[in-house]
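Taking it in order: structure first as structure tokens, then the write-up.
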Amino acid sequence: MYPELVNHGDVESKKVALELMRAALESANPYNAVRNVIRFEDGRLIVKGEEFSVSGDIYVLAFGKAASAMAKAVYDALGGRIKEGVVVTKYGYASPFGDDYASPFDAGYPEVFKIIEAGHPIPDENSLKGAQMGVELAKKVGENDLLLVLISGGGSALFTLPEDGISLQDKIKTNELLLKSGAKIYEINTVRKHISKVKGGKLARIVRGTLISLILSDVVGDPLEAIASGPTVKDPTTFQDARRILKLYRVWEKLPPSVREHIELGFRGEREETLKEELSRVHNFIIGSVSMACEAAKRRAEELGLNAYILTTTLEGEAREVALGFGSILEEIYHKNRPFKKPCALIMGGETTVTIEGEAGKGGPSQEFALSIARKIKGLGGIAVLAMDTDGTDGPTDAAGGLVDSFTMEVFEKEKIDAEAYLNAHNAYEALKKGKALLITGPTGTNVNSIVIAVVL
């Protein structure tokens, strides 16, 4: 596995880190997450022990990076009971509906699901098309029918339908400004909800029948209202919050006029707010999260004989700075064998950010984390650090993140790579690639935040 990563440096530590990564990803497998919680018996749909009678039709709407695998799991569980479905996922992520998975489906399968791939992290025309298809499906759900909504990370961008008067390009511009501002994901989603026709519980308003959401969380702390901008749950945020966030991160004056006008009108009470009340016909279930992934990695580390610790599953902050703080803990372990005793594995989950001003190179938060911490662990033999986005795509790149060790800085120096300069240019991808430390997994089929795994042997 990953021969270029494990043919030099702290080989054993890196192999262990990759093994723990594998365990974490397997635990977050979206197909298994769905199949483990849903079954159909005697006219009843049973979800995590709760029973729902089904007297009408069953519809399925899936959106997010794990939408394909989740929809396949529902199909395998319910089969011919599904009347119609829509699946919206990221480009390259529809593989569960490809040739490798064709045999289990009957001849009518292609007509049951309409599948569309769309843009992430920047929405595109297909994101708009997918959301429009989803809304039309939701409108078909009658009072005796049931709609299964399958939500996973990336849903905000992939399922995009701006409010009247706001163009897709205006929405994209707003999204770009927020992604570059250093705003946290829940803050970005607060704004998204208030310029969308489907976020902030607005999708739930459309459905007349029973709505059941199965949710893979990609947001720190698993707040339902923030995951994919909460299309099926009541929303505690307001236009006032959205306006404050845009001003706090100095985005307000750069916004397209249509977005600024809509937020301002909402602030004055002249636009409808997001959903504020619980709807008795709506039921939301979290079926996977970064906490579960971290716990799986910890169990595997213990099986390998390591002292294993989960430091946090709510990691936040500027990636390069958080990495330095974490690196200081690794230094303490290396030199003083405290606060944790070697051999050990330290595991964290969450979502770091990168603040970009001006032009930037290629990379993402996990890549910047890896490049930054390489400076702190230089020469600390036996230490390796893996930082990745669990969906296999860190930022707008084809890399999941990076895997560095105590020798990485030596490789950089040999290749005449100035780590500080690459960090300042937000060009971590190129530095890690040249330094043989770039982690490329391909699409993993899931998305439950980012994870960091440090191994000290």
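Observations on the structure shown:
- Residue that is touching a residue at least 40 places away in the same chain (Cβ under 8 Å) and in contact with a Phe, Trp or Tyr (Cβ under 7 Å, 6 or more places away or on another chain), where the choices are R44, R81, R35: R81
- Odd one out for P231 among (1) more than 19 Å from N447 (Cα to Cα); (2) modelled with pLDDT of 95 or more; (3) touching a Gly at 6+ places or on another chain (Cβ under 9 Å); (4) open to solvent by less than 50 Å² (accessible area, probe 1.4 Å): (1)
This table checks each residue for (1) hydroxyl-bearing (S, T, Y); (2) without any contact (Cβ under 8 Å) to a residue 60 or more places away in the chain.
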site	(1), (2)
L146	no, no
T160	yes, yes
K173	no, no
R192	no, yes
P231	no, no
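- Residue match in the range 363-374 (condition: of a type in the set (A, V, I, L, M, F, W, C) and open to solvent by 10 Å² or more (accessible area, probe 1.4 Å)): no
- Failed criterion for N29 (all others in (1) open to solvent by less than 70 Å² (accessible area, probe 1.4 Å); (2) under 21 Å from the mean Cα position of the chain (by Cα); (3) farther than 30 Å from L128 by Cβ hold): (3)
Residue-by-condition table, conditions (1) open to solvent by 20 Å² or more (accessible area, probe 1.4 Å); (2) small (G, A, S); (3) over 26 Å from V448 (Cβ atoms); (4) assigned to a helix (DSSP H, G or I):
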{"position": "G200", "(1), (2), (3), (4)": "no, yes, no, no"}
{"position": "I212", "(1), (2), (3), (4)": "no, no, no, no"}
{"position": "E253", "(1), (2), (3), (4)": "yes, no, yes, yes"}
{"position": "G269", "(1), (2), (3), (4)": "yes, yes, yes, no"}
{"position": "I286", "(1), (2), (3), (4)": "yes, no, no, no"}
{"position": "A293", "(1), (2), (3), (4)": "no, yes, no, yes"}
{"position": "A297", "(1), (2), (3), (4)": "no, yes, no, yes"}
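- On the stretch given as the range 134-148, residues that are open to solvent by 100 Å² or more (accessible area, probe 1.4 Å) and in a loop (DSSP other than H, G, I, E, B) total 2.
- Some residue of the range 339-358 being buried (at least 21 other Cβ atoms within 10 Å of the Cβ), farther than 16 Å from T390 by Cα and modelled with pLDDT under 95: yes
- E430 farther than 25 Å from L330 by Cα, modelled with pLDDT of 95 or more and of a type outside the set (F, W, Y): yes
- Hits in the range 375-405 (condition: crowded, with 23+ Cβ neighbours inside 10 Å and under 16 Å from H8 (Cβ atoms)): I377, I383, A384, V385, L386, G402, L403, V404, D405
The values are calculated or read from the model by the stated rules, or taken from the named source; none is laboratory data. The shown structure was predicted, so the numbers you read here are calculated from the model rather than taken from an experiment. Note that we place each Cβ from the backbone using ideal geometry, even for glycine, and neighbour counts take in every protein chain shown. These area figures cover heavy atoms from the full protein model, side chains too; ligands, DNA and RNA do not enter into them. Shrake-Rupley method; radii C 1.70, N 1.55, O 1.52, S 1.80 Å.
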